[in-house]
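The values are calculated or read from the model by the stated rules, or taken from the named source; none is laboratory data. Here the structure is a predicted model, which is why all the values come from computation and not from measurement. Because the Cβ atoms are built from the backbone with ideal geometry, glycine has one as well, and the counts that use them run over all protein chains shown. Protein only, heavy atoms only, side chains kept; ligands, DNA and RNA dropped before computing areas. Shrake-Rupley method; radii C 1.70, N 1.55, O 1.52, S 1.80 Å.
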Protein chains: 2
Amino acid sequence: MSTTAKLSPTRPRRVHNVTHWDLETDVAIVGFGGAGACAAIEAADAGAKVCVFEVSAASGGSTALSSAEVYMGGSGGTRVQKACGYEDTTEDMFNFLMAAQGDLADEEKIRMYCENSVDHFDWLVRMGAKYKNSEYKKRNIMARTDDCLLYTGNEKSHPFRELAKPCPRGHNLEIEGDNGGPMLMDLLTRNVESRSVRVEYNVRALTLIADDDNAVHGLVVRIDGEERNVRARKGVILCAGGFGMNPKMLERHVPKHNIGNVPIGNPGDTGTGILMGQGVGGALIHMGETFITLPFYPPESLTFGIFVNAQAQRFINEDIYHARMAHHILKQVGQGIYLIVNHDDYKRPPFLNADIAGTGETIEELAQEIGLDVDMLRHTVDFYNQHAAKNEDPAFHKHEAWLKPIEPPYAALDCTPGSGVLYPFFTLGGLDTLPTGEVLSMGKDVIPGLYAAGRTACGIPRTAGGYGSGMSVGDATYFGRVAGKQVANRECAKPAQE
Amino acid sequence: MSTTAKLSPTRPRRVHNVTHWDLETDVAIVGFGGAGACAAIEAADAGAKVCVFEVSAASGGSTALSSAEVYMGGSGGTRVQKACGYEDTTEDMFNFLMAAQGDLADEEKIRMYCENSVDHFDWLVRMGAKYKNSEYKKRNIMARTDDCLLYTGNEKSHPFRELAKPCPRGHNLEIEGDNGGPMLMDLLTRNVESRSVRVEYNVRALTLIADDDNAVHGLVVRIDGEERNVRARKGVILCAGGFGMNPKMLERHVPKHNIGNVPIGNPGDTGTGILMGQGVGGALIHMGETFITLPFYPPESLTFGIFVNAQAQRFINEDIYHARMAHHILKQVGQGIYLIVNHDDYKRPPFLNADIAGTGETIEELAQEIGLDVDMLRHTVDFYNQHAAKNEDPAFHKHEAWLKPIEPPYAALDCTPGSGVLYPFFTLGGLDTLPTGEVLSMGKDVIPGLYAAGRTACGIPRTAGGYGSGMSVGDATYFGRVAGKQVANRECAKPAQE
């Protein structure tokens with residue numbers, strides 16, 4: 001079937017070596033998670049013949065393992081935002097996301113997402129997603145009720161609150177607890193199945209089929225142990241997740257400090273899509289970046305505490321999103337990160353697996369127990385307390401809602417990386433794409449016939465420092481849709497050899 | 001000559017589209033800087049027919065623009081180290097480099113370099129390099145005399161001095177001032193010219209020539225405005241520098257904070273070699289990393305000062321190498337980085353273009369002038385002074401040689417990024433290679449016929465946080481030699497089509 005010696009994702013099969021096609025479709029989609037499902041629905045709705053290849057026995061991907069919160073707003077607000085009294089503007093959302101992604105922001109993608117995420121909300125509702133007109137008001141890493149709207153990022157914390165009017169944009173499905181992921185994937189799967197989309201489970205994507213100029217004409221998959229050449233007349237969409245489950249790729253591309261101790265994702269997050277894309281010249285960007293987090297709340301009362309480093313100095317405002325805290329913890333020098341809090345505010349954070357490093361009736365006692373310099377710790381706490389009493393935090397600008405002097409007795413939670421405390425992570429680097437999903441080469445040319453979405457692409461979320469819950473699922477589902485529409489409207493390619 | 005529509009570095013010409021070869025050689029080398037020169041010499045000495053293509057009108061590359069210090073030691077010491085009384089061990093050098101590169105260290109390359117750098121010294125001497133048996137003892141960013149040996153990294157500073165016995169390993173040529181670069185490139189060029197190496201200047205490398213499996217058989221160059229197919233029977237070595245002069249590549253791959261305001265390098269550092277390598281499937285790693293620096297010494301007396309951030313807190317020991325200082329400055333939050341020093345210790349640093357942010361007879365006066373919190377600054381200075389008086393720095397472990405209380409009157413130098421102060425930089429990311437120079441694919445397979453060295457590859461220096469002067473030229477010249485030998489010993493490839 002081919003003269004190519006060895007098949008690997010990074011080595012495309014050349015189309016002139018393909019002697020026949022085992023399967024023909026307009027659009028081939030690799031991966032049936034959130035991005036792949038949305039791409040399939042839109043491509044089918046645009047009239048294309050679609051085939052989805054999923055390596056596991058069921059749909060779901062990493063979206064099904066998430067809370068499936070979706071970050072949406074702008075344009076005056078979603079139905080839920082409006083019902084809860086928030087009038088969100090596209091500019092506030094844009095300014096917030098640009099500031100949050102900072103040095104790495106993709107302005108075009110952020111702009112497009114902010115202008116269209118209310119439409120995306122409506123689309124999800126049309127697909128069957130149920131969102132209550134209600135708000136979850138606690139500081140938590142997810143909604144624990146079936147309420148919908150919540151703050152999921154750094155909107156209310158410095159410096160973001162000075163740059164854009166804060167607004168909650170996390171949308172949680174109407175289901176209690178952390179069960180949004182399966183619910184969202186169930187309803188997206190039903191939408192795929194109700195369309196004339198062919199879905200092949202237990203199928204491994206082996207490599208792309210490309211011509212000499214790397215234009216993509218299909219892919220090779222393995223079905224029932226047999227290699228099959230799949231022709232995709234309009235294009236292939238890679239929606240195969242990130243590479244958090246590929247230790248070799250992690251070791252090679254991600255600095256050790258950005259690799260936490262608990263990968264978030266499904267076993268299929270082995271980077272296959274990223275490798276296949278690079279094999280035809282796709283540019284990979286920001287491969288060292290991860291979402292990495294320290295879920296130090298709930299309980300929200302811990303936010304009244306202060307984080308100190310090995311020098312007993314504070315280093316960031318503690319009212320930020322949990323991943324931003326991890327991001328800044330990882331910049332500290334020396335060994336030792338502690339969350340110091342009044343004993344009454346202390347409750348064990350359920351997601352953290354952290355130990356109490358020490359307690360004390362006095363700062364001296366506490367410092368001695370945890371091994372920090374007494375003078376420095378005393379000054380840090382005194383300085384903080386003195387200003388907190390006046391509702392001020394001149395050093396780091398923590399919001400006054402979380403400011404109050406830390407009175408004895410003290411407790412210190414050990415959050416030191418490597419101490420056994422949980423630092424969950426997933427990868428954010430991947431194929432460079434246009435907002436349309438078209439994959440770009442190193443020369444910034446579009447690779448004809450190749451698209452990517454979800455964590456196979458480098459999307460809107462690019463740094464733990466500016467992450468907010470719902471940004472990855474929002475990016476994956478929205479840009480999955482865009483890619484699906486885009487490829488469906490492409491003219492069918494004709495391999496030069498035919 | 002080819003059916004390929006458009007030639008670009010990222011789109012290789014397929015060998016089956018090559019109808020004739022305009023030029024045939026064993027080894028083709030792209031770039032005549034330090035790496036390319038050393039590769040050419042070794043390949044020629046191993047009996048291969050060698051052709052070097054250089055885009056500019058003369059040899060030199062970025063090596064000629066550097067001080068050409070070379071970082072060498074281990075194995076009991078170089079002739080100069082021994083003469084100066086240092087008995088360097090391979091283990092100390094290895095442990096130091098591993099700690100310095102930290103999370104990003106390439107253990108195999110570091111091991112090989114440490115085991116062979118004394119031989120590399122002897123080879124450079126055989127090529128005509130002159131090194132005096134003398135030591136330059138000042139803290140400076142380069143030797144200002146014709147003395148040879150100097151400390152050029154973080155060897156004597158915490159935490160490295162606790163991890164490996166410090167030893168100076170920077171070797172400066174016997175020439176006064178910053179003139180080592182032209183001298184080194186002169187002598188390497190003479191060595192190339194004295195061998196039967198064909199050198200073509202003013203030649204642009206356009207793209208590689210590869211077969212369907214991306215094995216490399218040559219390259220396309222432009223000579224006198226004409227495209228020429230060059231066959232390289234044994235292989236192509238990409239020694240075309242980094243991408244510090246390619247604003248689009250910088251914008252895409254490097255976080256803004258890692259891009260300083262003064263690129264170091266020659267105009268040819270446009271990433272062509274990196275692009276060509278990726279075009280045949282070469283993996284790019286650590287593309288966001290740069291050498292970025294704040295040359296805050298000389299004068300060395302400024303090392304008696306303390307750096308504080310916008311919170312008026314210290315954040316690192318000030319006796320470190322200048323690039324490590326920049327690396328940690330860029331991790332600080334808020335806007336404002338100041339070097340505070342006693343007025344008598346203040347002298348204007350010649351390479352910095354920094355302004356005095358303020359002066360004061362008291363900390364209060366100083367804090368007010370530069371806009372820092374008085375209480376915090378007072379505590380920072382008091383805490384530092386109190387311990388410095390006892391030759392201690394419990395927070396950051398600055399070496400006692402640089403500890404003394406900072407007495408009034410005070411001066412503060414504005415080192416805030418973006419203030420106009422110089423942050424020179426060059427890129428450190430590039431093609432992933434084996435220590436042999438063989439370029440690796442994303443699947444970690446060797447790409448037959450393709451080699452890279454110098455800043456086209458991701459070599460030993462991978463982070464400003466652990467850089468030392470002479471590491472890049474050391475890496476470029478040594479691994480250039482290794483690649484030259486390696487390719488010369490390779491069997492000639494036969495394109496499948498012939």
Between the modelled labels at A:Glu400 and A:Glu200 (7 Å from Cα along Cα→Cβ) the distance in nm is 6.3 nm
Take peptide B:388-399, look around each residue's Cβ out to 10 angstrom, count Cβ atoms belonging to other protein chains, and average those counts.
2
Counting only DSSP beta bridges with both residues in the protein assembly as shown, tell me the antiparallel percent, nearest 5.
60 percent
Can you give the extra length, in nm with one decimal, that the chain gains between B:Gln368 and B:Asn179 once fully stretched, where that is 0.36 nm per residue apart less the Cα-Cα distance?
63.7 nm
At 7 angstrom along the Cα-to-beta-carbon line, where would the label on B:Tyr201 sit relative to the other copies? Give the distances in nm, shortest first.
6.8
Hull shadow area, averaged, the protein assembly as shown [alpha-carbon convex hull, nm²]:
38.0 nm²
For region B:283-323, list log₁₀ I(q)/I(0) at each q in 0.16, 0.24, 0.33 Å⁻¹, using the Debye formula over Cα point scatterers of equal strength and ignoring solvent, two decimals each.
-0.55, -0.88, -1.17
re region A:155-208: pairs of Cα atoms spaced beyond 17 Å account for a percent value of 66 percent
The correct ranking of A:Trp123, A:Trp21 by accessible area at 1.4 Å, largest first, is A:Trp21, A:Trp123
For region A:36-102, what does the equivalent ellipsoid look like in terms of its semi-axes, each the square root of 5 times an eigenvalue of the Cα gyration tensor, given largest first in whole Å?
31, 16, 14
Within 10 Å of the Cβ of an average residue in A:280-288, the count of other chain Cβ atoms is 6
Give the Debye-formula value of log10 I(q)/I(0) at each listed q (0.18 Å⁻¹), with one equal scatterer per alpha carbon of region B:91-171, two decimals each.
-0.86
Please express the Cα-Cα pair-distance distribution P(r) of chain B as a list of whole percents, one per 10 Å bin, running from 0 to the bin with the greatest distance.
4, 20, 28, 23, 14, 7, 3, 1, 0
Can you compute log10 of I(q)/I(0) for region A:331-474 with the Debye formula, treating each Cα as one identical point scatterer, at q = 0.13, 0.18, 0.21 Å⁻¹?
-0.75, -1.08, -1.31
Could you work out the per residue convex hull volume over the alpha carbons of region B:359-413, in cubic angstrom?
80 Å³
For B:Arg144 and A:Gln335, extending 7 Å from Cα along the Cα-Cβ vector and measuring point to point gives, in nm, a value of 4.0 nm
Before we go on, tell me the buried accessible area for the A/B pair, both chains summed, 1.4 Å probe, in Å² to the nearest 100.
4500 Å²
Region B:179-237: Rg/Rh from Cα coordinates, Kirkwood Rh?
1.09
Per residue of A:256-263, other chain Cβ atoms within 10 Å number on average 1
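Net charge within 15 Å of B:Pro159 by Cβ-Cβ distance, Lys/Arg positive one each and Asp/Glu negative one each, not counting B:Pro159 itself? Can you show the working numbers first?
Working: positive: B:Lys156, B:Arg161, B:Lys165, B:Arg324, B:Lys398; negative: B:Asp92, B:Asp103, B:Glu155, B:Glu162, B:Glu318, B:Asp319, B:Asp393.
Overall, the nearby charge balance is -2.
Whenever you get a sec, compute what percent of the accessible area on chain B sits on carbon and sulfur atoms (1.4 Å probe). Before the final figure, lay out the partial values.
Working: 7910 of 16720 Å².
Carbon and sulfur atoms account for 47 percent of the accessible area of chain B.
Before I look further, what does chain A give for accessible area per residue, probe 1.4 Å, in whole square angstrom? Could you put the intermediate results ahead of the total?
Details: 16720 Å² over 498 residues.
Roughly 34 Å² per residue, with all protein chains present.
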With respect to the cross-link table entries A:Lys109/B:Lys256; B:Lys444/B:Lys485; A:Lys444/B:Lys485; A:Lys137/B:Lys256; B:Lys156/B:Lys331, which display a Cα-Cα separation exceeding 25 Å?
A:Lys444/B:Lys485; A:Lys137/B:Lys256
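Send over the semi-axes of region A:223-271's equivalent ellipsoid, whole angstrom and largest first, taken as the square roots of 5 times the C-alpha gyration tensor eigenvalues.
Details: eigenvalues 172, 33, 20 Å².
Equivalent ellipsoid of region A:223-271: 29, 13, 10 Å, largest first.
Placing unit charges on C-beta atoms (Lys and Arg positive, Asp and Glu negative, everything else neutral), compute the dipole magnitude of the protein assembly as shown about its Cα centre in debye, rounded to 20. Please report the intermediate quantities before stating the final value.
On the way: 96 positive and 124 negative charges, 550 e Å.
Its charge dipole is roughly 2640 debye.
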Calculate the length of the line joining the C-alpha centroid of region A:419-469 to that of region B:107-152, in whole Å.
42 Å
Between copies, how far apart are the B:Pro394 label points? List them in nm, one decimal, shortest first, with each point 7 Å from Cα toward Cβ, please?
2.5
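DSSP loop trypsin sites (Lys or Arg not before Pro) in region B:111-181 with at most 15 other Cβ atoms within 10 Å of their Cβ, which ones?
On the way: sites: B:Arg111, B:Arg126, B:Lys130, B:Lys132, B:Lys137, B:Lys138, B:Arg139, B:Arg144, B:Lys156, B:Arg161, B:Arg169; in loops: B:Lys130, B:Lys132, B:Lys137, B:Lys138, B:Arg139, B:Arg144, B:Lys156, B:Arg169.
Sparse-neighbourhood loop trypsin sites (Lys or Arg not before Pro): B:Lys130, B:Lys137, B:Lys138, B:Arg144.
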With every protein chain kept in place and a 1.4 Å probe, the residues A:His16, B:His379 fall, from largest accessible area down, as A:His16, B:His379
Taking the mean number of other Cβ atoms within 10 Å as a proxy for protection, how do you rank B:64-77, B:221-234 from highest to lowest?
B:64-77, B:221-234
Using alpha carbons only, how many degrees (0 to 90, rounded to 10) separate the axis of helix B:90-101 from the longest principal axis of chain B?
80 degrees
Using a 1.4 angstrom probe on protein heavy atoms only, which residues from region B:358-384 are buried by at least 50 Å² of accessible area when all chains are present rather than their own chain alone?
B:Met376, B:His379, B:Phe383
A:Arg161 label points, 7 Å along Cα→Cβ, one per copy: pairwise distances from this copy to the rest in nm, shortest first?
4.4
Using only protein heavy atoms and a 1.4 Å probe, report how much of B:Ser194 is accessible, in Å² to the nearest 10.
90 Å²
Ordering B:Glu91, A:Glu200 by the accessible surface of their heavy atoms, 1.4 Å probe, largest first, yields B:Glu91, A:Glu200
Against the longest principal axis of chain B, how steep is helix B:34-45, in degrees 0 to 90 to the nearest 10, with axes from Cα atoms?
40 degrees
Once all protein chains are kept in place, B:Glu87 shows an accessible area at probe 1.4 Å, nearest 10 Å², of 140 Å²
Angle in degrees between helix B:107-126 and the longest Cα principal axis of chain B, rounded to the nearest 10:
80 degrees
